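Inspection log for the structure reproduced underneath, given as structure tokens.
The values are calculated or read from the model by the stated rules, or taken from the named source; none is laboratory data. This is a predicted model, so every value here is computed, not measured. Backbone-built Cβ (ideal geometry, glycine too); neighbour counts: all protein chains shown.
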Amino acid sequence: MEFKVINYQDTRSGFGAGLAELGRRNPKVVALCADLTGSLKMEVFEKENPDRFFQVGISEAHMIGMAAGMTIGGYIPFTGTFANFSTGRVYDQIRQSVAYSGKNVKICASHAGLTLGEDGATHQILEDIGMMKMLPGMTVIVPCDYNQTKAATMAIADFEGPVYLRFGRPKVANFTPEDQPFIIGKAVLLKEGADVTIFATGHMVWKAVEAIQQLHEKGVNAELINIHTIKPLDEEAVLASAGKTKCVVTAEEHQQNGGLGDSIAQLLSRRMPLPIEMVAVQDVFGQSGTPEQLLAEYGLEHIDIAEAALRAISRK
């Protein structure tokens with residue numbers, strides 16, 4: 001199967017475009033930013049809706065508290081800052097004021113994972129998916145490209161309940177059809193296969209596309225599924241594919257502990273034990289470097305996914 005790359009764009013721009021569109025469509029949508037309007041691509045929303053945009057400065061905990069309060073008045077707040085500051089810095093406020101209280105806050109987090117690049121380990125949060133998915137009632141979404149991020153941003157406005165939306169800084173292949181519906185909690189089958197299933201999320205979806213092409217050259221027919229919603233996990237899709245191929249690989253730009261692989265392994269251990277390999281960061285912090293250097297250094301390239309697939313097949 002051929003995948004058509006429309007262009008190369010950063011997923012944070014998809015968020016900005018989706019937020020701007022929401023500003024035109026839904027007067028209840030408000031946006032809050034912690035001094036990173038340009039980095040989160042929120043300028044259009046701010047320009048078009050100055051009365052619904054709140055620049056709180058470097059005060060992330062205050063931003064989350066404000067957002068929780070706004071929901072009481074019927075507003076739909078979208079908060080924006082780096083993933084590290086969206087979660088690690090304000091976890092107590094998210095837990096108490098948003099998750100525990102069931103507030104309709106959309107926590108939108110850019111610059112996630114290793115591909116933040118040169119900013120280094122202090123900013124490259126690799127634990128955020130685990131932190132957020134463990135909160136009761138929290139929905140966790142990690143779209144793969146510009147178009148899917150834009151669609152996800154717009155979809156979560158119609159979803160009642162707290163959401164963590166994770167996206168990134170680098171330009172990546174934009175290949176999702178612009179008109180593809182985004183259904184929260186529904187995995188997307190990108191390619192059917194019979195030998196191994198690859199479940200990928202976020203930036204790693206395109207790496208997985210490159211991996212299945214490499215596997216095809218070796219005579220391996222891999223199935224590829226985009227898990228854009230980590231929680232709630234599309235258990236039906238996971239079990240159906242795993243039941244067909246009998247071995248799986250997970251790929252994510254996150255710690256192995258607590259991420260997508262962790263969720264799928266838990267499901268399979270309960271319902272369908274079979275070989276699983278995980279392509280993820282192995283219990284270490286990041287470091288400074290270009291995104292390409294870091295993905296290679298930490299074993300998150302397409303070749304690593306392909307090799308994991310061969311290992312999984314060998315364990316059938």
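Data table
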quantity	calculated
Among the candidates 113, 88, residue that is in contact (Cβ under 8 Å) with a residue 40 or more places away in the chain and at positive phi	113
Residue, nearest to residue 295 (Cα to Cα), within segment 217-268, restricted to residues that are of a type in the set (Val, Ile, Thr) and assigned to a helix (DSSP H, G or I)	264
Close pairs from segment 1-13: first over 14 Å from residue 177 (Cα atoms) and in contact (Cβ under 8 Å) with a residue 60 or more places away in the chain, partner crowded, with 19+ Cβ neighbours inside 10 Å and of a type in the set (Val, Ile, Thr), Cβ under 6 Å, at least 6 apart	11/149
Helices (runs of 4 or more DSSP H) wholly inside segment 1-110 containing at least 3 residues that are in contact with a strand residue (DSSP E or B) (Cβ under 7 Å, 6 or more places away or on another chain)	11-25, 60-72, 83-87
In segment 170-211, the residues that are among the hydrophobic types (A, V, I, L, M, F, W, C) and assigned to a strand (DSSP E or B)	172, 173, 188, 189, 190, 196, 198, 199, 200
Which listed residue is buried (at least 21 other Cβ atoms within 10 Å of the Cβ), modelled with pLDDT of 95 or more and over 21 Å from the mean Cα position of the chain (by Cα), from 240, 251, 222	222
Residues of segment 116-152 satisfying the condition of being more than 16 Å from residue 174 (Cα to Cα) and in a helix (DSSP H, G or I)	116, 117, 118, 119, 128, 129, 130, 131, 132, 133
Residue check, residue 214 in contact (Cβ under 8 Å) with a residue 60 or more places away in the chain and either among the small types (Gly, Ala, Ser) or in a loop (DSSP other than H, G, I, E, B) (or both)	no
